[in-house]
Amino acid sequence: REYPPAALCDAAGKPLLSWRVLILPNLEKAELFQKFKLDEPWDSPNNSKLLSQMPNFYALPGDLKAPSGYTRYRVFVGNGAAFDKPSADGKGVWHREFSDGTSRTILVVEASEGFPWTKPDELVYDPKAPLPPLGGRFPDGFQVLMDDATYHWVGRNVGEQTLRAAITRAGGEPVSPDW
């Protein structure tokens, strides 16, 4: 009923670990999750040793150039995106806050650059700023995971307004036919 925060933070608000670490127990990786020190940053001596244990589901299929422990899967944060902000209490957005519909809201997107999978470094969504570069592994589009757990291919022909409508969870914007 509730999503994890984009990042687990310390009491001062400093992001420590990514949502990708926080959901490991839900993806049958509880043993790996238990190895993390949740009160330490992703690059602490203990947690950095775990970069090489990245589960296969965080690897972009066929991305043979990615360094070990790197992923391209990120989430949008802020301004009505599925993951609004990092959290010190481990709380995220409630599922009932997704009024645009589960099949019309992006949870995870393929970013243009890879980075360490445990690092809490996500894509800030600003409706007034240009969208960050997405995809890049494939010339004709990129992958997204929607709130209803379906995977979609987003072609380069999808308009910016359509993409922005799919990024927000409760903006009320229609997703155009180019989706």
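Just the number, please: percent antiparallel of the DSSP beta bridges in region 1-150, rounded to the nearest 5. Numbers along the way, then the final one.
On the way: 13 of 17 bridges.
Here the antiparallel bridges make up roughly 75 percent for region 1-150.
Over region 1-126, accessible surface divided per residue gives 51 Å², non-protein components excluded, 1.4 Å probe. Length gained on full extension, N46 to D10: 11.3 nm, using 0.36 nm per residue less the C-alpha separation.
Segment S99..K29, full-extension length gain: 22.2 nm, with 0.36 nm per residue of separation and the alpha-carbon distance subtracted. Once the Cβ-Cβ distance of E173 and A129 is raised to the sixth power relative to R0 = 22 Å, the FRET efficiency obtained is 0.85.
Counting only protein heavy atoms, what percent of the accessible surface of region 60-179 is carbon or sulfur at a 1.4 Å probe? That fraction is 54 percent.
Computed per residue of the chain from DSSP H runs no shorter than four, each worth -39500 (n - 2.57), the mean residue ellipticity at 222 nm is -2000 deg cm²/dmol. For the pair D121 and N157, the difference between a 0.36 nm per residue extended length and the Cα-Cα distance amounts to 10.2 nm.
The values are calculated or read from the model by the stated rules, or taken from the named source; none is laboratory data. Predicted model, so just to flag it, every value in this text is computed and none were measured. Here Cβ is always computed from backbone atoms with ideal geometry, including for glycine, and neighbour counts include all displayed protein chains. When the accessible area is computed, the model is the full protein with side chains, heavy atoms only, and any ligands, DNA or RNA have been set aside. Shrake-Rupley method; radii C 1.70, N 1.55, O 1.52, S 1.80 Å.
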